[in-house]
Amino acid sequence: MNLKYLILYYLYKNKKTLKHFYSSNKIIIIKKNGKRIVKIKLKNFNPVFTGSNARVIIHEPFEIAGSITGKIGGSSKIEFKKGAFLRNIKLIMSYGALVEIGENFFCSNSEITAQGYENESVIIGDNCTVNNNCSIRNTDGHSLISQHNGMLLNPAKKIEIGNNVWISEKSIVLKGSKISDNSFVGFQSLIKKRFEEPNCLLEGIPAKVVKTNVTTQWIN
């Protein structure tokens, strides 16, 4: 019996287990009236679930243009509050990852990577914009181990992005970073540290504060 038939035989014999495995991952739509609708699939939402008990929570209204791809690990959770507009996003979430995104989030042709087994997260506030070809990642994506004591040298670190933040095209936000409220990240910038002061223009590789007392909001 060749490999193809062995795989088909295994899937047939274990179809109940596989059904439970996939059905335990849920996409939860929160209606405007607060009602929760549980789905197994959602149009244009195409990441591969690589474990069980993952939760994707999306509040209405929302729009998915193009598609959402990537991988979502077991026991992980990502939540989009109301008003999200998502165009061609890639999600890479390991086991137990947590991503929380506020209201009126706009993201286009970008990637969010979150590692969960080190208890770190990605938190994004309300009214944030992430433009084309950006990357937000709370992990290096690989492990460096000390030969002396076996300790992990490059653990994941939490990312915090405040309210009313604009991240321009081709920018990267690395682990341990913080962008405070009402800040603007310039084109092709690299954020790799915590910026505690709000209302800043951040630019450069690595980014630094080039102007203060700015806002991303129109003032009438």
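All of the numbers you see were taken from the coordinates with simple rules; none came from a lab. A quick note: this is a predicted structure, and the numbers were derived from the prediction, not measured. Virtual Cβ from ideal backbone geometry, glycine too; neighbours counted across all protein chains shown.
Couple of notes before you dig in:
- Contact order, relative form, for the chain: 10 percent (alpha carbon pairs under 8 Å, 6 or more residues apart, mean separation divided by residue count).
- Spatial separation of Cα centroids for segment 43-65 and segment 107-183, in angstrom: 20 Å
- 20 Å Cα-Cα reach of residue 39 towards aspartates and glutamates, excluding residues that sit fewer than 8 places from it in its own chain: 60, 63, 79, 100
- Beta-bridge orientation, the chain: approximately 15 percent antiparallel, per DSSP, counting only bridges with both partners inside.
- Segments 157-169, 54-66 sorted - mean Cβ within 10 Å per residue, highest first: 157-169, 54-66
- Compactness of segment 117-220 is given as radius of gyration and Dmax, 14.9, 60 Å, from Cα positions.
- Rg and Dmax over the alpha-carbon atoms of segment 37-156 stand at 15.0, 52 Å.
- Peptides 84-90, 205-211, ordered by how many other C-beta atoms sit within 10 Å of their residues on average, highest first, read 84-90, 205-211.
- Per-residue ³J(HN,Hα) for segment 197-202, Karplus 6.51 cos²θ - 1.76 cosθ + 1.60, θ = phi - 60°, Hz, x for Gly and Pro: 7, x, 6, 10, 9, 10
- The chain: angle of helix 3-13 to the longest principal axis, Cα-based, in degrees nearest 10: 90 degrees
- Peptides 141-147, 72-78, 103-109 ranked from most to least packed, by the mean per-residue count of other Cβ atoms within 10 Å: 72-78, 103-109, 141-147.
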